Amino acid sequence: MIESIRSRLGDLDLGGVLWRGRKTTSRFVGSEENRSGADLLGVLEVDLPDISFRKGFLVQAKKREKGGRGINRLREQCRKMLDVTPDAFVFLYSREGVDVLPALLFADGSLGFRHTEPWDLTRFFRAHFASFIGDRKLGIGTRAEFATTLDLPPPRDVLIVTASLAEAD
């Protein structure tokens with residue numbers, strides 16, 4: 001999923017703004033997500049003449065399964081992400097696509113995906129790019145910066161989307 005997003009953005013020029021995606025990954029023995037609860041850190045970097053900022057969100061990705069297997073583990077992972085940021089989400093994926101839900105719905109065990117209408121990835125990223133979603137403290141450019149800034153091991157994958165001025169030919 002991350003690679004698909006990254007490749008679709010590959011130097012996309014929209015109205016003079018160049019969009020790029022890059023991914024960093026770590027596959028160490030023993031999951032680094034244990035202390036942060038996240039599979040993915042998504043970061044948006046905007047560097048334009050009138051505006052410049054970085055912000056991010058955390059994601060726990062789960063395959064949608066019948067019967068809700070693994071729900072207790074998901075609840076714990078959501079609690080850990082919410083200890084870091086309110087901008088924490090669950091991406092439930094299947095062959096039909098990806099549903100995005102706030103981690104808060106899973107954290108305390110009383111709510112779940114049946115309590116709200118999930119967003120698709122397009123709607124989620126539109127909200128993120130329009131700045132309705134994103135935590136400035138997660139505007140982190142490297143995995144090392146995540147560990148240093150938050151004193152937590154970083155999520156396994158980091159997707160960084162950058163918006164900057166396209167260079168004139």
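Numerical summary
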quantity	calculated
Boolean, Arg123 is open to solvent by 80 Å² or more (accessible area, probe 1.4 Å), within 14 Å of the chain's Cα centre (by Cα) and at pLDDT below 90	yes
Output for region 94-115, where each listed residue is modelled with pLDDT under 90 and open to solvent by 60 Å² or more (accessible area, probe 1.4 Å)	Arg95, Glu96, Asp108, Ser110, Leu111, Phe113, Arg114, His115
Residue satisfying all of: in region 157-169; at pLDDT 80 or above and open to solvent by 10 Å² or more (accessible area, probe 1.4 Å); farthest from Leu41 (Cα to Cα) among these	Leu165
Whichever residue in region 130-155 is among the β-branched types (Val, Ile, Thr) and open to solvent by less than 40 Å² (accessible area, probe 1.4 Å) and, among such residues, is nearest to the chain's Cα centre (by Cα)	Ile133
Selected residue [closer than 17 Å to Gly56 by Cβ, at pLDDT 90 or above and of a type outside the set (Val, Ile, Thr)] from Asp135, Asp151	Asp135
Boolean, Glu65 is at pLDDT below 80, more than 22 Å from Leu138 (Cβ to Cβ) and open to solvent by 50 Å² or more (accessible area, probe 1.4 Å)	yes
Filter result (under 12 Å from the mean Cα position of the chain (by Cα) and more than 28 Å from Phe91 (Cα to Cα)) within region 36-52	none
Flag for Ile5 being modelled with pLDDT of 85 or more and surrounded by fewer than 19 Cβ atoms within 10 Å (Cβ to Cβ)	no
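Per-residue answers, yes or no, for (1) part of a loop (DSSP other than H, G, I, E, B); (2) free of Cβ contacts under 8 Å to residues at least 24 places away in the same chain; (3) open to solvent by less than 90 Å² (accessible area, probe 1.4 Å); (4) in contact with a Phe, Trp or Tyr (Cβ under 8 Å, 6 or more places away or on another chain):
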residue	(1), (2), (3), (4)
Val43	no, no, yes, no
Val46	no, no, yes, yes
Ser52	no, yes, yes, no
Gly56	no, no, yes, no
Val59	no, no, yes, yes
Arg75	no, no, yes, yes
Cys78	no, no, yes, yes
Pro86	yes, no, no, no
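The values are calculated or read from the model by the stated rules, or taken from the named source; none is laboratory data. Because the structure is predicted, anything quoted here is derived from the model rather than measured. Note that each Cβ is placed from the backbone with ideal geometry, even for glycine, and that neighbours are counted across all protein chains shown. Surface areas here come from the heavy atoms of the whole protein model, side chains and all, with no ligands, DNA or RNA. Shrake-Rupley method; radii C 1.70, N 1.55, O 1.52, S 1.80 Å.
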